[in-house]
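Here's the structure, in structure tokens; my notes come after.
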Amino acid sequence: MTAPIVEMKQVKKRFGYIEALRGADFTAYPGEVTAIVGDNGSGKSTLIKILSGGLKPDGGEIRIKDKAFSSLTVRQAMEQGITTVYQDLALDNCKDCAGNIFLGREIMKHRFFLDHKLMRQKTRELLNRLQIFIPDITQPVEKMSGGQRQALSIARAVYAGGDIMIFDEPTSAMGLKETSRIMRLFLELKKEGKTIILISHNLFQVFDIADRISVIHNGLLVDSFLTKDSSPQKLHEMIVEKEEGMTDEEMV
Amino acid sequence: MKKWFSRYSQQIFLFAVMMLICIVLTVQSKYFLTWKNIRNILEANSYRLILAIGMTFVIASGVMDLSAGAMVSMCGVIMAVGLHAGLPAGAAVVLGIGTGMAMGAINGVLIHYTGINFFILTLAASGMLRGISLMITDGKPITRFGQDFIFLGIGRIGEMQLSVIFAALLVMLSIPLMFHMKWGNYVQALGGNKDALEKSGIHVGGLRISVHMFLGVMAAVTAVIITARLNSAEPNAGMNMELDAITAAVMGGTAISGGRASIGGTVLAVLILGVIRNGLTLMSVSSDYQQWITGFLLLLSVLISEIRVRKTGTLMK
């Protein structure tokens with residue numbers, strides 16, 4: 001079996017009285033789409049925020065491409081080839097499409113100056129390639145629809161081009177047509193050899209594209225299996241069962 | 001063209017307002033539209049513009065610094081102490097700029113790392129800095145400096161006072177810095193969405209400190225001009241100058257919640273405030289009204305900005 005590209009062991013994170021992760025494990029293999037599923041508040045987003053450097057864990061170990069870390073900064077995660085589309089999208093509403101796509105990785109001219117023209121041109125090309133339709137790419141992001149903003153956030157991740165791509169609920173604000181386009185994009189990225197980690201509540205979507213599914217419940221990994229060994233119905237029942245089986249203490 | 005008008009609507013509006021005020025004042029006073037008076041307006045507002053440029057960067061980054069006026073007085077006092085201790089003018093200016101940078105850095109560190117509200121923090125800093133200035137000077141102005149230092153405040157190159165040339169140069173440097181260079185781009189992003197900037201791998205703490213240091217440098221340059229011009233460093237110098245600077249930045253179109261800035265707008269706003277002050281003086285109106293008008297214009301600018309945000313349904317913080 002291929003060695004994992006990402007391995008998280010016994011990861012813990014507490015926010016005041018709330019124990020978001022209680023020693024969660026997670027593994028992703030190169031070139032695969034791994035979905036993380038679980039009910040709201042199960043710790044999925046906390047887990048990927050730790051992996052992408054947005055949060056510092058209280059304990060546990062993270063291994064990326066055989067390099068061990070006790071915690072990561074955003075910069076370190078980027079250097080390891082991790083690109084993330086966050087649930088909150090992490091867009092600057094005052095900037096336009098190019099301003100957001102190139103934030104932190106600007107194209108310069110004469111060494112010190114931003115090449116606005118080239119960045120806009122590359123943005124147009126990127127959005128066309130990804131079939132993302134935004135009529136006016138020079139308008140600030142605040143004037144765009146939720147779906148357009150989500151698509152822009154995905155486009156930014158594609159442009160950043162790491163080999164481990166994390167998507168946290170990437171299509172929650174999108175229409176059916178846009179969602180299927182993004183799903184096709186995920187499959188293309190997989191073909192290019194990217195490792196994709198996807199958080200989604202849409203189990204049918206998960207079964208459409210994921211190779212492997214990890215179920216997180218109450219801050220712990222409770223199951224991990226190949227998609228072909230399960231079905232959306234079975235997975236749904238598993239999540240509901242776990243939720244109903246929670247003690248009052250666990251609920252708190 | 002339509003997009004250009006929409007993008008610069010506030011600046012065009014300000015320009016029209018300024019023209020209107022100028023027309024009214026030209027009709028009211030025969031002295032208003034004279035070269036001497038125009039030069040007076042530019043000279044009297046050059047240092048205000050310098051501080052307002054610094055404040056524009058700070059506001060674009062999503063906070064405000066209420067200690068800017070006190071920083072001006074503190075830098076002036078430190079420079080004066082240095083000059084009286086025998087430092088040459090150049091070294092005293094460097095000392096003043098260093099003081100401004102250090103005070104800005106302390107503000108930046110405290111705002112970023114303590115999480116205390118910037119209003120409270122910079123208000124407290126203002127009180128403390130004024131107190132230190134008073135303690136150093138014993139409440140009395142420090143006067144009489146060498147001619148080479150005084151030259152920085154009243155010296156001229158041709159028809160124009162050095163301070164006006166400084167201000168013009170700083171404006172010309174600030175425009176590319178804010179809109180065409182990484183640092184300014186990040187400063188605006190810091191006000192637009194700090195989390196987005198952090199998630200892009202930018203060290204937000206360092207950036208926050210650097211913006212406040214920039215304001216510190218601008219406060220020090222302002223202090224050089226005021227101290228040299230008056231040939232006196234006063235512990236009460238720069239009183240309420242932060243109000244002028246905030247008013248100019250917000251009136252000029254810099255978003256009060258950060259994320260968007262306009263250097264041209266700040267220049268226009270400083271000129272409008274200057275023209276109003278000058279007009280009131282020409283019409284022999286008491287200077288008490290000038291303070292009232294500045295406060296009123298700040299309130300009006302914030303109201304207009306708020307209405308615009310609601311009307312366009314923006315998602316700004």
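The values are calculated or read from the model by the stated rules, or taken from the named source; none is laboratory data. These numbers were taken from a predicted model, which means no experiment stands behind them. Here Cβ is always computed from backbone atoms with ideal geometry, including for glycine, and neighbour counts include all displayed protein chains.
Among B:Ala245, B:Ala255, B:Ala237, which is the only one that is assigned to a helix (DSSP H, G or I), touching a residue at least 24 places away in the same chain (Cβ under 8 Å) and in contact with a Gly (Cβ under 8 Å, 6 or more places away or on another chain)?
Testing whether each residue is assigned to a helix (DSSP H, G or I), touching a residue at least 24 places away in the same chain (Cβ under 8 Å) and in contact with a Gly (Cβ under 8 Å, 6 or more places away or on another chain) leaves just B:Ala245.
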Review point. Any residue at all in segment B:239-246 that is of a type in the set (D, E, K, R), over 11 Å from the mean Cα position of the chain (by Cα), more than 30 Å from A:Gly162 (Cβ to Cβ) and away from chain A (no Cβ under 14 Å)?
Key: no
Revision key, fill the gap. Only unsatisfied item for A:Ser52, checking (1) surrounded by fewer than 18 Cβ atoms within 10 Å (Cβ to Cβ); (2) facing chain B (nearest Cβ under 10 Å); (3) more than 16 Å from B:Asn193 (Cα to Cα), is (1)
Revision key, fill the gap. Scanning segment A:88-98 for residues that are within 9 Å of chain B (Cβ to nearest Cβ) and touching a residue at least 12 places away in the same chain (Cβ under 8 Å), the one farthest from B:Asn185 (Cα to Cα) turns out to be A:Leu89
Revision key, fill the gap. Only unsatisfied item for A:Ser71, checking (1) within 11 Å of another protein chain (Cβ to nearest Cβ); (2) part of a loop (DSSP other than H, G, I, E, B); (3) surrounded by fewer than 24 Cβ atoms within 10 Å (Cβ to Cβ), is (1)
**Study point:** Conditions (1) under 13 Å from the mean Cα position of the chain (by Cα); (2) closer than 24 Å to B:Phe119 by Cβ; number of the one not met by B:Leu298
**Key:** (1)
**Study point:** Subset of segment A:74-87 (residues that are facing another protein chain (nearest Cβ under 7 Å) and in a loop (DSSP other than H, G, I, E, B))
**Key:** A:Tyr86
Review point. If you scan segment A:126-166, which residues turn out to be within 10 Å of chain B (Cβ to nearest Cβ) and assigned to a loop (DSSP other than H, G, I, E, B)?
Key: A:Asp136, A:Thr138, A:Gln139, A:Pro140, A:Met144
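The rows are residues; the columns are (1) within 14 Å of chain A (Cβ to nearest Cβ); (2) at pLDDT below 80; (3) closer than 16 Å to B:Thr254 by Cβ; (4) in contact with a Ser or Thr (Cβ under 7 Å, 6 or more places away or on another chain).
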{"position": "B:Val267", "(1), (2), (3), (4)": "no, no, yes, no"}
{"position": "B:Gly274", "(1), (2), (3), (4)": "no, no, no, no"}
{"position": "B:Met283", "(1), (2), (3), (4)": "no, no, no, yes"}
{"position": "B:Trp292", "(1), (2), (3), (4)": "no, no, no, no"}
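Among the helices (runs of 4 or more DSSP H) confined wholly to segment B:134-197, which include 1 or more residues that are crowded, with 20+ Cβ neighbours inside 10 Å and within 14 Å of chain A (Cβ to nearest Cβ)?
In segment B:134-197, B:162-179, B:182-192 are the helices (runs of 4 or more DSSP H) which contain 1 or more residues that are crowded, with 20+ Cβ neighbours inside 10 Å and within 14 Å of chain A (Cβ to nearest Cβ).
Tally up the residues in segment A:191-208 that are outside any loop (DSSP other than H, G, I, E, B) and either surrounded by fewer than 18 Cβ atoms within 10 Å (Cβ to Cβ) or outside the structural domain of A:Gly43 (by TED's automatic domain parsing) (or both), please.
4
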Study note, to complete from the structure: Exception for B:Met218 within (1) modelled with pLDDT under 95; (2) surrounded by 18 or more Cβ atoms within 10 Å (Cβ to Cβ); (3) within 29 Å of A:Phe112 (Cβ to Cβ); (4) away from chain A (no Cβ under 14 Å) falls at (1)
Exercise for review: Examine segment A:3-26 for a residue that is buried (at least 21 other Cβ atoms within 10 Å of the Cβ), under 16 Å from the mean Cα position of the chain (by Cα), of a type outside the set (Val, Ile, Thr) and closer than 15 Å to A:Ile164 by Cβ, and state whether such a residue exists.
Suggested key: yes
